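Just below is one structure, and these are the notes that go with it.
Throughout, read-outs are computed from the coordinates displayed, never taken from laboratory work. Owing to the predicted nature of the structure, the values given are computational and were not obtained by experimental measurement. Positions of Cβ are generated from backbone atoms using ideal geometry, with glycine treated the same way; all protein chains shown enter the neighbour counts.
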Amino acid sequence: MTKWIASLLLLLLLIVAMPLPVASAHEAHRKDMSDADIVEMRQAAETAHDGGVEALAEAAGGSAANNGAMSADIHGEMIAGHSAGTAFSPTDFLGRLHPALVHFPIALFLAAGLAELILFARPESGLEPTVRFLIYTGAAGGVIATLLGWLAGGIRMSDRSETLGLHRWTGTGIALAGVVAAIIIYREKSDRMLIRLLLAGIATALLFQSYWGAEMSLGPNHMNM
Ligand code: HEM
């Protein structure tokens, strides 16, 4: 019975502790920490996480008295770690939506680029309205993602983290380029070559942008290249 309870606690601990490094990474970006400081903080969080799991696993095999004492200590620390950063703030909440929202401009602009490429190869495909729709929605998604990004990364002009700085200004540039593309394609006689150049630029920038974003969320060298 004690083993069952300890195993259940271990499972709960894993669920609760898993998002810790991610949550602290979010705080780190808002607090303008450098890339090196963030790496150090992640390592410390992972060591603490592994230590906690090991201690609870030991407790699962140990005496009932140890079990209670250890799991209470570990949970106390975990809860303190969480609640330290959990006072509700609307701007913090909106910033935390950034990783979910970014999928829209990425997918919509890449699909716009693909549709424009097909249109270039087969002008009779009738994809003009599709490209127009994808650029409008991609531009709207880009502006929203960028506004939320500024809330996620903190509002300032320069960053101690090189990755965040590159990501901030490339993202802002993508949003602006998307709005320009939407204005151009809104016109009756839009400049197709300019649209193609803008879409090629946005698509290329999005690849780098997504890579830098994931470097921040998942940690350095997340692709293990
Ligand atoms: C079109 C614009 C943007 C796109 C497509 C984009 C894309 C991304 C992606 C793919 C991630 C990783 C999400 C994940 O792994 O779950 C990310 C994370 C992040 N982005 Fe952006 N981003 C954009 C604009 C911005 C801007 C302007 C900022 C301003 C500083 C920003 C700040 C952040 C931060 C701080 C993170 C790390 C997550 C966090 O700490 O909450 N992003 N972004």
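Compute from the Cα atoms of the range 93-218 the Rg and the Dmax, the latter being the longest Cα-Cα distance, and quote both in angstrom.
Calculated on Cα positions, Rg and Dmax stand at 15.1, 50 Å.
Mind jotting down the three principal axis lengths of the range 107-174 based on Cα atoms? Whole angstrom, largest first.
Principal-axis extents of the range 107-174 (Cα, largest first): 50, 19, 14 Å.
Taking the Cβ-Cβ separation of Arg160 and Ala107 as r and a Förster radius of 35 Å, what is the calculated FRET efficiency to the nearest 0.05?
Efficiency, rounded to the nearest 0.05: 0.65.
For the pair Ser34 and Thr204, how long in nm is the line joining their label points, each one 7 Å along Cα→Cβ?
Taking the two extended label points, one gets 3.1 nm.
Calculate, for Ser217 and Arg187, the FRET efficiency according to 1/(1 + (r/R0)^6) with r their C-beta to C-beta distance and R0 30 Å; round to the nearest 0.05.
Details: r = 38 Å, r/R0 = 1.26.
Once rounded, the FRET efficiency stands at 0.20.
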